[in-house]
Amino acid sequence: MEKLVSSWFEVELLPEPYVFPPEKRPGKVSFPLGKSIPVLDLGSSNDQNETIQQIMKASEEFGFFQVINHGVSKDLIDDTMNVAREFHAMPAQDKVNECSKDPNGSCKLYTSSGNYDTEEVHYWRDCLTHPCYSLEEYMQFWPAKPTKYREVVSRYSVEVRKLGSRILELISEGLKLRTSYFSSGLNESPTIVINHYPPCADPTLTLGIPKHRDPTVITILLQGDVHGLQVFKDSEWIGVEPLPHAFVVNIGYVLQIVSNGKLKGADHRVMTNSSHARTTISVFVHPSSETIIEPAKSLLNASNPPIYRALKFKDFQNEFLSKAADAEALHQFISSTTD
Ligand SMILES: O=C(O)CCC(=O)C(=O)O
Ligand SMILES: [Fe+2]
């Protein structure tokens, strides 16, 4: 597993396969915060209707927002970030061993995009990912080192999943769907994604993750205290400011499809930096593989015909894995028309 960036990142020159083609290079390394993404207070004293309006506005304009006073304890957030950092700091062989417990491969450790042997350019990141629901089914395959990993990450998954359900209830009301619209198959298979981006000799030439949209209903990200995430809005990249203990929420392809395009998945990317390692923890709110993803029927009428076709989530996901870098091809695949 010497390919893991964390095993060799202290090189002085960026290896050639990590250098992006000029048009995809980030170039400047600043994080313009001019049009920062909305920060929403989910504290209980706030008016629920107003919160719904704020979420809808942020989701339509940016596809991204941050939430504070969200109910997940600061101690749990700190403990989870610490255990995630400790995992990526372990020797490579230990990491590989800890991710090899499931013969079906539900727990994965990979570097770059996961398609290392076939991709054109490598990304400056290592990634640990595994399902986080149900705990009974999957926790036995999670890393058992660091020793606190399972205890801390299981509590974190339960809390963040609750937060995700709450946000999705608010979004269902905002879309005028029944409140429980997302509470069965559509949020049944959440996955934890723990990315690690070591310091990088030349952040102008490479990326932790290039421009993409998530294959999720929503993504709930803990980005810690190091800059790196950027959102593409009005033809420019804007930085998402790290706020202590806040979660960054973004709309994924599945919600774009369910809302028939009213809410759009937002394009984003991850920059590296030369001085600080960056570890982030996402919960990908995913449908189960057999769930049908399609525009909600109650939203459709003669003036709002379906612009996306119905698909099993697993078929969408397979296409996403092979076409994530080709947004136009993926768009064709999910569209209701084939022109
Ligand atoms: O690490 C981040 O800030 C974002 C990660 C991300 O976009 C992803 O895992 O899809
Ligand atoms: Fe993403």
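The values are calculated or read from the model by the stated rules, or taken from the named source; none is laboratory data. The structure presented is a predicted model; accordingly, all values stated were derived computationally and were not measured. Here Cβ is always computed from backbone atoms with ideal geometry, including for glycine, and neighbour counts include all displayed protein chains.
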Notebook entry, point to check: Considering the range 239-254 alone, what residues qualify as being in contact with a Lys or Arg (Cβ under 9 Å, 6 or more places away or on another chain) and either surrounded by 24 or more Cβ atoms within 10 Å (Cβ to Cβ) or not in a loop (DSSP other than H, G, I, E, B) (or both)?
Noted result: ASN250, ILE251, TYR253
Item checked: Verdict on VAL249 being within 28 Å of VAL83 (Cβ to Cβ), of a type in the set (Val, Ile, Thr) and free of Cβ contacts under 8 Å to residues at least 60 places away in the same chain -> no
Item checked: Residue identified as among the charged types (D, E, K, R), surrounded by 14 or more Cβ atoms within 10 Å (Cβ to Cβ) and at pLDDT 95 or above among LYS95, LYS74 -> LYS95
Checklist line | Meets criteria (within 12 Å of ligand 1 (Cβ to nearest atom) and either at pLDDT 95 or above or more than 17 Å from the chain's Cα centre (by Cα) (or both)) for GLY239 | finding: no
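Here's the yes/no breakdown for (1) modelled with pLDDT under 90; (2) touching a helix residue (DSSP H, G or I) at 6+ places or on another chain (Cβ under 7 Å); (3) surrounded by 13 or more Cβ atoms within 10 Å (Cβ to Cβ); (4) within 25 Å of VAL160 (Cα to Cα):
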site: PHE284; (1), (2), (3), (4): no, no, yes, yes
site: LEU300; (1), (2), (3), (4): no, no, yes, no
site: ILE307; (1), (2), (3), (4): no, no, yes, no
site: ALA310; (1), (2), (3), (4): no, no, no, no
site: SER336; (1), (2), (3), (4): yes, no, yes, no
Note to self: All but one of (1) modelled with pLDDT under 95; (2) within 14 Å of ligand 1 (Cβ to nearest atom); (3) within 23 Å of ILE334 (Cβ to Cβ) hold for SER184; state the number of the condition that does not hold.
What the structure shows: (2)
Checklist line | Failed item, numbered, when ARG161 is tested on (1) more than 16 Å from ligand 1 (Cβ to nearest atom); (2) modelled with pLDDT of 95 or more; (3) more than 15 Å from the chain's Cα centre (by Cα); (4) buried (at least 16 other Cβ atoms within 10 Å of the Cβ) | finding: (3)
Notebook entry, point to check: Listed residues SER235, SER183; which is among the polar types (S, T, N, Q), within 25 Å of LYS314 (Cα to Cα) and either touching a Pro at 6+ places or on another chain (Cβ under 8 Å) or more than 16 Å from ligand 2 (Cβ to nearest atom) (or both)?
Noted result: SER183
Next item on the list: Can you give me the number of residues within the range 192-208 that are surrounded by fewer than 20 Cβ atoms within 10 Å (Cβ to Cβ) and within 21 Å of TYR253 (Cα to Cα)?
Entry: 1
Next item on the list: Evaluate the range 88-99: report whether one residue or more is part of a loop (DSSP other than H, G, I, E, B) and within 30 Å of SER172 (Cβ to Cβ).
Entry: no
Notebook entry, point to check: Considering the range 1-26 alone, what residues qualify as being modelled with pLDDT under 90 and surrounded by 13 or more Cβ atoms within 10 Å (Cβ to Cβ)?
Noted result: MET1
Margin query: If I ask for residues that are away from ligand 2 (no atom under 16 Å from the Cβ), within 22 Å of GLY228 (Cβ to Cβ) and among the hydroxyl-bearing types (Ser, Thr, Tyr), which ones from the range 258-277 would you list?
Written below: SER274, SER275
